[in-house]
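K.L.:
Questions regarding the structure given below will be posed in turn.
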Amino acid sequence: MSAKTLFEKLWDAHIVVPETDDTPAILYVDLHLVHEVTSPQAFSELRERGLQLRRPDRMLATLDHSTPTLPTNADGTRPYANAEAQAQVTQLETNCREFGVELHGWDSDDRGIVHVIGPELGATQPGMTIVCGDSHTSTHGAFGALAFGIGTTEVGHVMATQCLLQRRPKTLAIHVDGKLPQGISAKDLILHIIGTIGVDGGTGYVLEYRGAAIEALSMDERMTVCNMSIEAGARAGLIAPDETTFTWLKGRPHVPQGAAWDATVERWRALRSDDGATYDREVHIDASAVKPTVTYGTHPGMAIAMDAPVPAATNAQERRALDYMQSRPGEPMQGTPVDVVFVGSCTNSRLSDLREAANVLRGRRIAEGVRMLVVPGSEAVRRDAEREGLHQVFTAAGAEWRVPGCSMCIAMNGDLAQPGQLVVSTSNRNFEGRQGKGARTVLASPATAAASALAGRIADPREYLTQVAA
Amino acid sequence: MLPITRIHSRTAVLADENIDTDRIIPARFLTTTERSGLGKLCFHDWRYQADGSDNPAFPLNQPQAQQCSIIVAGRNFGCGSSREHAPWALLDYGVQAVLCSEIADIFRNNALKNGLLAIVIDEPEHRWLLKHPGIELVIDVREQFIALPDGGHIRFQLEPFARHCLINGVDQLGYLLQHADAIGAYEQRTRTQQEAA
Ligand code: SF4
């Protein structure tokens, strides 16, 4: 048998009907994650056609995008941004009840951002195919699952048949050699990678991140890396599961327990690219060269070290991006005045991210005039963070500690920045208007976000981590 | 879906590269539970001024771009989110085809499933079309070429199944449902693993 890549193993194991020149493969889906924004039209379609869900037991739903992150009002109502947002949430509650889908709704202790709770519950597992009507489904690739975003029509396909029509993508190996320097995070690394390969550098590919620097990452960090694969245009991102993965998953609610666990782990150990397996393309990244990295334009490929000069525009598009951001060519992003800081999103809202931000903030106050929002990714993260007292670190520093949700990552729940404001954000997209009409987004790590809140300007977190707080 | 075999229109050009799905339809409009009526929101923050009037600088607001249902867009159109609201909004706005040298994966997939022709063409032709807005084109989906007014042709290739579905109005969910037996057999075959998982 010829050597196979991890992707090929995952792909081959899920073929229901192989692809031909005329027809795509029919690919089986093990886990279908659902949220309120991209599912209502699919449920409606099922209703109109009189169809049932094929495998409701393979679905997991949550509320995250349109949900308020402020606590309930005194009268028990929730502070929704508008009636439509509330109706969308109610619609998912109704749909899940009617079709028999497990929903982590308002009353669940596990509600949270869909890509945070899938792994937390152990629903995300190595070897699976995982889809969601959401492009950051690539997050789950951190576990060695083939995970990708789909549109609402396809959400309907999976609901009715548990399958998708898919052409096999190409493979791109991203070797991250060496070691990340002290104080440099997974977010800096992935921004650096996207800045290197470009916002469309991964189009048509499934990425496999490999090499010493990747193996050294924790699961939280691996999720941050895989999460942003889509920002390079990739279909999915993958990291082979290893002891780090198995230790992290053990004992979680959805994974097998006891003897079945050991047998499952044995099976999972085979999920790695064979020696001699070939990729359609390979790229090498030197981890030791990564610095605190931020974006300076209006897509995630416009990323550079914060102390490096912003490159001059080479075309009208880049000029427009620099104008929009008010970024000055030849000058570094470091030192740019900041209005809002957001720590959250499926990229950076897990416990380790909050710790990273809290370590910078502890015992300090954010700068006058800066607004800082910290939004945990899930109820579980919120509980853990509060148990450690992180929420007190944030509130003592002058930041707002919120209820879990997507919040200012997509700014459709009322959490948003004003036109012209500059937001240092730990989320994944810096598109024009993503965080509010006219708002300017600079993507960064949680530590950089926290340091920038303290300084009131884009700042290097290492300066705060080395000196002891007063 | 109704069969789509030919589209005949003048082109309008949106030359920016990396036009993302947030620009096609801003996230704050995604609270809808419908798929219709999104055309008025298409390109919202680019298309309208703060007072709600048309932004004269938006290329599709130009008089010569009216009634154009073919857009020639800068490279990497549709990058970003998986929201199918993007092709729904474009179709409802009157766009029937987007021509580009590179189109983001999920967007292209979503577009074709909704009968919006997301067509990848070679770079030289793409560059030429970007420089010649308002040109009259006929897109022949069956034969996979774009006819230029001077008699020239631009060839393109759609994924064969997507093309088959477009020209015959095939419903892809119906096609998948026909394979229920194969899906059942797959579930049987992999049951131990599935239960373990
Ligand atoms: S946090 Fe942002 S990127 Fe992640 S699922 Fe929510 S909206 Fe999408």
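Every number in this text was worked out from the coordinates using simple rules, so none of it is lab data. Because the structure is predicted, anything quoted here is derived from the model rather than measured. Positions of Cβ are generated from backbone atoms using ideal geometry, with glycine treated the same way; all protein chains shown enter the neighbour counts.
K.L.:
About its Cα centre, how strong a charge dipole does the range A:208-323 have in debye, to the nearest 20, once Lys and Arg get +1 and Asp and Glu get -1 at the Cβ?
P.N.:
Magnitude of the dipole: close to 320 debye.
K.L.:
Further question on the same structure: Can you tell me the FRET efficiency between A:Arg49 and A:Thr72 if r is taken as the Cβ-Cβ distance and R0 is 45 Å, rounded to the nearest 0.05?
P.N.:
The value I calculate is 0.75.
K.L.:
Treating each Cα of the range A:118-267 as an identical point scatterer and ignoring solvent, apply the Debye formula and state log10 I(q)/I(0) at q = 0.08, 0.20 Å⁻¹.
P.N.:
-0.23, -1.24
K.L.:
What does the structure give for B:18-26 when I average, per residue, the other chain Cβ atoms found within 10 Å of the residue Cβ?
P.N.:
So the per-residue partner count for this stretch is 6.
K.L.:
Take the alpha-carbon positions of chain B, form their convex hull, and give its projected area averaged over all directions (one quarter of the hull surface) in nm².
P.N.:
Working: hull surface 54.4 nm².
Convex hull of Cα atoms, orientation-averaged projection: 13.6 nm².
K.L.:
Let me ask something else about it. Work out the charge dipole of chain A with +1 on the Cβ of Lys and Arg and -1 on the Cβ of Asp and Glu about the Cα centre, then indicate which of A:Thr77, A:Gly201, A:Ser327 is farthest towards its positive end.
P.N.:
Result: A:Ser327, furthest along the dipole toward the positive end.
K.L.:
May I have the convex hull volume per residue, in Å³, for the Cα set of the range A:81-163?
P.N.:
Here the figure is 114 Å³ per residue.
K.L.:
Place +1 on the Cβ of every Lys and Arg and -1 on the Cβ of every Asp and Glu in the protein assembly as shown, take the dipole about the Cα centre, and give the residue among A:Ile130, A:Trp268, B:Ile70 whose Cα lies farthest towards its positive end.
P.N.:
The one lying farthest along the dipole's positive direction is B:Ile70.
K.L.:
Let me ask something additional. State log₁₀ I(q)/I(0) for the range A:117-166 at q = 0.16, 0.32 Å⁻¹ as given by the Debye formula over alpha-carbon point scatterers of equal weight, solvent excluded.
P.N.:
Scattering profile of the range A:117-166, log10 relative to I(0): -0.42, -1.19.
K.L.:
Expressed as a whole number of Å, what is the distance separating the alpha-carbon centroids of the range A:402-470 and the range B:1-62?
P.N.:
Going from one Cα centre to the other spans 28 Å.
K.L.:
Classify the range A:337-470 as rounded, prolate or oblate from the Cα gyration tensor: take a ≥ b ≥ c as the square roots of its eigenvalues, call it rounded if a/c is under 1.5, otherwise prolate when a/b beats b/c and oblate if not. Mind showing how you got there, number by number?
P.N.:
Working: a/c = 1.81, a/b = 1.19, b/c = 1.52.
Oblate, because a/c is 1.5 or more while a/b does not exceed b/c.
K.L.:
While we're on this one: Under a point-charge model restricted to the Cβ atoms of Lys and Arg (+1) and Asp and Glu (-1), what is the dipole moment magnitude of the range A:248-379 relative to its Cα centre, in debye to the nearest 20?
P.N.:
Numbers: 16 positive and 16 negative charges, 95 e Å.
So the dipole magnitude of the range A:248-379 works out to roughly 460 debye.
K.L.:
How crowded by other chains is A:386-395, given as the mean number of beta carbons from other chains within 10 Å of each beta carbon?
P.N.:
Values: counts 0, 0, 0, 0, 0, 0, 0, 0, 0, 0.
The per-residue average across the peptide is 0.
K.L.:
How would A:Thr139, B:Thr21 line up from fewest to most surrounding beta-carbon atoms within 10 angstrom?
P.N.:
Numbers: A:Thr139 33, B:Thr21 28.
Exposure proxy ranking, most exposed first: B:Thr21, A:Thr139.
K.L.:
In Å and from the alpha-carbon atoms only, list the Rg and Dmax of the range A:1-105.
P.N.:
18.9, 66
K.L.:
Now for a separate question. Within 10 Å of each residue's Cβ, count the other Cβ atoms and sort A:Ser138, A:Ser185, B:Ser53, A:Ser218 from fewest upward.
P.N.:
B:Ser53, A:Ser218, A:Ser185, A:Ser138
K.L.:
Hey, another quick one. Within 10 Å of each Cβ in peptide A:152-160, how many partner chain Cβ atoms are there on average? Round it to a whole number, please.
P.N.:
The per-residue average across the peptide is 5.
K.L.:
While we're looking at this one, here's another question. Past the 13 angstrom mark, what percentage of all C-alpha to C-alpha distances in the range A:227-267 do you count?
P.N.:
In whole percent, the long-distance tail amounts to 62.
K.L.:
Compute the distribution of all C-alpha to C-alpha distances in the range A:220-320, in bins of 5 Å from 0, and list the percent of pairs in each, rounded to whole numbers.
P.N.:
2, 8, 12, 16, 16, 13, 10, 8, 6, 4, 2, 1, 0
K.L.:
Considering only the range A:30-160, what is the antiparallel percent among its DSSP beta bridges, to the nearest 5?
P.N.:
Around 0 percent antiparallel, to the nearest 5.
K.L.:
I would also like to ask the following. Going from the alpha-carbon gyration tensor of the protein assembly as shown, what semi-axes, largest first and in whole Å, does one get by taking the root of 5 times each eigenvalue?
P.N.:
Values for the protein assembly as shown, descending: 35, 31, 25 Å.
K.L.:
Restricting things to Cα coordinates, could you compute the convex hull volume per residue of the range A:182-241 in Å³?
P.N.:
Taking only Cα atoms, the range A:182-241 has a hull volume of 74 Å³ per residue.
K.L.:
As I understand it, the dipole of the range B:1-52 uses +1 on the Cβ of Lys and Arg and -1 on the Cβ of Asp and Glu, about the Cα centre. Which of B:Leu14, B:Cys42, B:Pro3 lies farthest toward its positive end?
P.N.:
B:Pro3
K.L.:
Something else about it: What would the Debye equation give as log₁₀ I(q)/I(0) for the range B:106-197 at q = 0.10, 0.14, 0.24 Å⁻¹, counting only Cα atoms as equal point scatterers?
P.N.:
The calculated log intensity ratios at q = 0.10, 0.14, 0.24 Å⁻¹ are -0.44, -0.67, -1.22.
K.L.:
Just the number, please: Stokes-Einstein D of the range A:413-470 in µm²/s, Kirkwood Rh from C-alpha pairs, 37 °C, 0.692 mPa s.
P.N.:
270 µm²/s
K.L.:
Filter the GluC sites (Glu not before Pro) in the range B:1-84 to those in DSSP coil with at most 16 other Cβ atoms within 10 Å of their Cβ, and list the result.
P.N.:
Working: sites: B:Glu17, B:Glu34, B:Glu84; in loops: B:Glu17, B:Glu34, B:Glu84.
Those that pass, being in a loop and sparsely packed, are B:Glu34.
K.L.:
Mind ordering B:157-168, A:367-378 by average Cβ neighbours within 10 Å, highest first? Intermediate values should be presented prior to the final figure.
P.N.:
Numbers: B:157-168: 17.4, A:367-378: 22.6.
Sorting B:157-168, A:367-378 by mean packing, highest first, produces A:367-378, B:157-168.
K.L.:
Mind sorting A:Asp323, A:Asp460, B:Asp181 by how few other Cβ atoms lie within 10 Å of their own Cβ, fewest first?
P.N.:
Arranged by neighbour count, lowest to highest, A:Asp323, A:Asp460, B:Asp181 become B:Asp181, A:Asp323, A:Asp460.
K.L.:
For the range A:193-263 and the range A:127-145, write down the distance between their C-alpha centroids in whole Å.
P.N.:
What the calculation gives is 9 Å, centre to centre.
K.L.:
Tell me the volume per residue, in Å³, of the convex hull enclosing the alpha carbons of the range A:262-339. Walk me through the numbers before you get to the answer.
P.N.:
Details: hull volume 16.0 nm³, N = 78.
Measuring per residue, one finds 205 Å³ for the Cα hull of the range A:262-339.
K.L.:
Could you give the dipole magnitude of the protein assembly as shown about its Cα centre, charging the beta-carbon of Lys and Arg +1 and that of Asp and Glu -1, in debye to the nearest 20?
P.N.:
480 debye
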